[in-house]
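Reviewing the structure listed below.
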Amino acid sequence: MAKKKKIVVAITGASGSIYAKVLLDKLVALQDQIAEVGIVMSDNAKDVWKFELDDQSFNNYPFKFYQKNDFMAPFASGSAKFDSMVVVPCSMGTMARIAQGSSSDLTTRAADVILKERRKLILVTRETPLNLIHIQNMQLATQAGAIICPASPSFYSRPATFEELAATVIDRVLDMIGLDLDTFRWGE
C-alpha cells in the first residue's frame, strides 16, 4: 500500500468556497489514504464561506484547524514532512505573498516550507480577469515550484450540480497530490 499523505489545506477569502468544501468532503471520503490533514482558514474565508454557501459547515470536518498566526503548527516546519499543500481558493493577495516569499502568517509560512522542501504546492486561483501583476506572480510562484491550478471547471463529465462542477477542478488537485480516486477520465 502507498504511503499515507500528510496534506495542508489553506482556505483564503477569495470567492469560491465551494471548491474548498468539495476538497474537504473528498478528503473525508479518502481518509484511508491520508495520515493527516491540517487546515488554516482566514477570517475572510469564514465570512465568504458563510455568504456563498449559507452555512458554517467548515466547523464540521474531522481535521485539525490551526489559527492563522500559529507558527507552532507542525507544517510551519519542514521537519514535519507534509507531502503537499493546497491553497483553495487562492486569492491573488495570498499568491503574491507566496510568490514574493513573504511569510507573514501560517498560510504563507507553510507555503514557503513546502517550496523550500521541494514538495507539492497547488494554488487554486480564483480571479478574473488577470492583470500583469497577477500573471508575473504566477510566473514567480511557478518558477519556485508551485503549480497554478486555476479554478476553471471542465464540462466533459457533464456535471449537473455546482458540487459536481467544482469537483472537475478538485479531482485534478487530488490527482496531483497523488490520491487514488474514482473520477471521470477522458476516453474511458
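List of remarks:
- Residue within the stretch 75-87 that is over 19 Å from I177 (Cβ atoms), at pLDDT 95 or above and under 17 Å from the mean Cα position of the chain (by Cα) present: yes
- A single entry from K3, K21 fulfils the requirement of being part of a helix (DSSP H, G or I), over 24 Å from A141 (Cα atoms) and either in contact with a strand residue (DSSP E or B) (Cβ under 9 Å, 6 or more places away or on another chain) or basic (K, R) (or both): K21.
- Filtered by the rule that a residue be assigned to a helix (DSSP H, G or I) and either farther than 19 Å from I170 by Cα or at pLDDT below 95 (or both), the stretch 25-47 gives D43, N44, K46, D47.
- For first residues located in the stretch 118-144 and on the phi > 0 side of the Ramachandran plot, partners that are of a type in the set (G, A, S) and lie 6+ apart or on another chain with Cβ distances below 9 Å form the pairs R118/G145.
- Summed over the stretch 140-188, the residues that are touching a helix residue (DSSP H, G or I) at 6+ places or on another chain (Cβ under 7 Å) and either of a type in the set (F, W, Y) or not in a loop (DSSP other than H, G, I, E, B) (or both) give a count of 13.
The values are calculated or read from the model by the stated rules, or taken from the named source; none is laboratory data. This one's a predicted model, so the numbers in the text were calculated from it and none came from an experiment. Heads up, the Cβs are rebuilt from the backbone with ideal geometry, glycines too, and the neighbour counts pull from every protein chain shown.
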